[in-house]
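The values are calculated or read from the model by the stated rules, or taken from the named source; none is laboratory data. Source: prediction; values computed, not measured. Positions of Cβ are backbone-derived with ideal geometry, glycine not excepted, and every protein chain shown enters the neighbour counts.
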Amino acid sequence: MELCDDGDVINYKNEICGEEQFVQTAYVCPELNITVAIDLPTDADTIAQLWSQPIQIGCPVCGSSHRMNYRDAYVTGLMAEFECLPADVQRGRVH
């Protein structure tokens, strides 16, 4: 995982390495309205560091960067295993 502090946004580049823990979550690309699955790191240090931070994700669908709150993406990933998701969680709040 590569984190780069860019002002008030944490840039996140998804690289799987070693024994890191991940949760799969998804967002809807606001440009093309396509659902994109991503893996978020979920080790204790990363959760503590990013919990209140927006993250920027390079979209593999449209090529743009989208912002979302780490906390929202994490909760969406955890709740995805349940059949009933609140509407705001389903939308994923991507900017």
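Checked against (1) modelled with pLDDT under 90; (2) of a type in the set (A, V, I, L, M); (3) within 16 Å of residue 80 (Cα to Cα), residue 16 passes all but condition (3). Of all residues assigned to region 37-45, none qualifies as being at pLDDT 90 or above, touching a Ser or Thr at 6+ places or on another chain (Cβ under 8 Å) and not in a strand (DSSP E or B).
If you filter region 65-90 down to residues that are at pLDDT below 90 and of a type in the set (A, V, I, L, M), you find that the one that is surrounded by the fewest Cβ atoms within 10 Å (Cβ to Cβ) is 87.
In region 29-40, how many are surrounded by 16 or more Cβ atoms within 10 Å (Cβ to Cβ), more than 9 Å from the chain's Cα centre (by Cα) and farther than 10 Å from residue 61 by Cα? Of the residues in that region, 0 qualify.
Would you please list the contacts, defined by Cβ atoms under 9 Å and residues six or more apart or on different chains, that run from a residue in region 52-77 that is at positive phi to a residue that is part of a loop (DSSP other than H, G, I, E, B) and surrounded by fewer than 17 Cβ atoms within 10 Å (Cβ to Cβ)? Matching pairs, first to second residue: 63/31.
For region 47-63, residues that are exposed (fewer than 14 other Cβ atoms within 10 Å of the Cβ), in a loop (DSSP other than H, G, I, E, B) and aliphatic (A, V, I, L, M) total 0.
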